[in-house]
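Heads up, the thing below is written out as structure tokens.
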Amino acid sequence: MTTLLQRIEIESAPHPTAAVIWLHGLGASGDDFAAIVPELDLTGCAPIRFVFPHAPTMPVSVNNGYVMPAWYDIKNADLVRQEDPAGIHASARAIEALVAHEVARGIAPEHIVLAGFSQGCAMALHTGLRHSARLAGIMALSGYLPLADTLATERHPANFKTPIFMAHGTADPVVPLTRAEASRQALLVQGYAVQWHTYPMPHSVHPQEVADISAFLQSVLGANKG
């Protein structure tokens, strides 16, 4: 049995019937995005449990083997050469366990959003598109699609129509805009519905992006959603 990742949980109101599992970036922690919850306009949404897990620590090759919180190893700055399938799959199992935990607590998969920033974005896309039950949506912030070559054979039809919110900074020095654009194109080619947003920012979060995230959550987790 998979041990659940340590995590921070914040409920927008008592008795949540929806969940957002939000994955942080390389070297960060679940605290990284917990502060964004009060900034979100969740008008019309059912009560939401926000789950901010902490990634395990591991040596990261691109950072000279320094041990830090990471969802998988990164061997090259271009992000997609010599990827770490074993690490990605291990983290996907840990994220799947969090989804199963929310389902066991009474939240239906179709009321769960997988979200992530940077490396967490990569994991949200990887895990969400392979998940065997329909999810409410995927939020992919300032990241990219990992193991893109295996998606066609590994993706699950349950999430063929899942809304995908992709957001990226036009001046991102960590995950270049071109890498995100290539990921968007790979998703479009396979028929996914991608809501694409860019903002004048580096590897960060923009105020307009927070408003757009609010609108996305309202659209996929509105109180009248079935």
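The values are calculated or read from the model by the stated rules, or taken from the named source; none is laboratory data. As the structure is a computational prediction, the values presented were derived from the model and not from experiment. Reconstructed Cβ throughout: ideal geometry from the backbone, glycine too, with neighbour counts over all protein chains shown. Each accessible area value is taken on the protein alone, full model and side chains, heavy atoms only, with ligands, DNA and RNA left out. Shrake-Rupley method; radii C 1.70, N 1.55, O 1.52, S 1.80 Å.
Descriptive notes on the structure:
Here's the yes/no breakdown for (1) modelled with pLDDT of 95 or more; (2) under 23 Å from residue 201 (Cβ atoms):
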{"site": "67", "(1), (2)": "yes, no"}
{"site": "78", "(1), (2)": "no, yes"}
{"site": "90", "(1), (2)": "yes, no"}
{"site": "108", "(1), (2)": "yes, no"}
{"site": "119", "(1), (2)": "yes, yes"}
{"site": "131", "(1), (2)": "yes, no"}
{"site": "135", "(1), (2)": "yes, no"}
{"site": "140", "(1), (2)": "yes, yes"}
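- Flag if residue 53 is under 29 Å from residue 212 (Cβ atoms), over 18 Å from the mean Cα position of the chain (by Cα) and modelled with pLDDT of 95 or more: no
- Residue match in segment 203-216 (condition: over 25 Å from residue 19 (Cα atoms) and either in contact (Cβ under 8 Å) with a residue 24 or more places away in the chain or not small (Gly, Ala, Ser) (or both)): yes
- Looking across 43, 17, one residue alone is open to solvent by 60 Å² or more (accessible area, probe 1.4 Å), at pLDDT below 95 and over 21 Å from residue 175 (Cα atoms). It is 43.
- Hits in segment 1-14 - residues which are open to solvent by 60 Å² or more (accessible area, probe 1.4 Å), part of a loop (DSSP other than H, G, I, E, B) and within 18 Å of residue 71 (Cα to Cα): 2, 3, 6
- Residue identified as among the hydroxyl-bearing types (Ser, Thr, Tyr) and within 16 Å of the chain's Cα centre (by Cα) among 178, 162: 162
- Among residues of segment 174-201, those that are assigned to a helix (DSSP H, G or I) and open to solvent by less than 60 Å² (accessible area, probe 1.4 Å), counted: 6
- A single entry from 100, 171, 90, 77 fulfils the requirement of being among the hydrophobic types (A, V, I, L, M, F, W, C), free of Cβ contacts under 8 Å to residues at least 24 places away in the same chain, in a loop (DSSP other than H, G, I, E, B) and more than 20 Å from residue 216 (Cα to Cα): 77.
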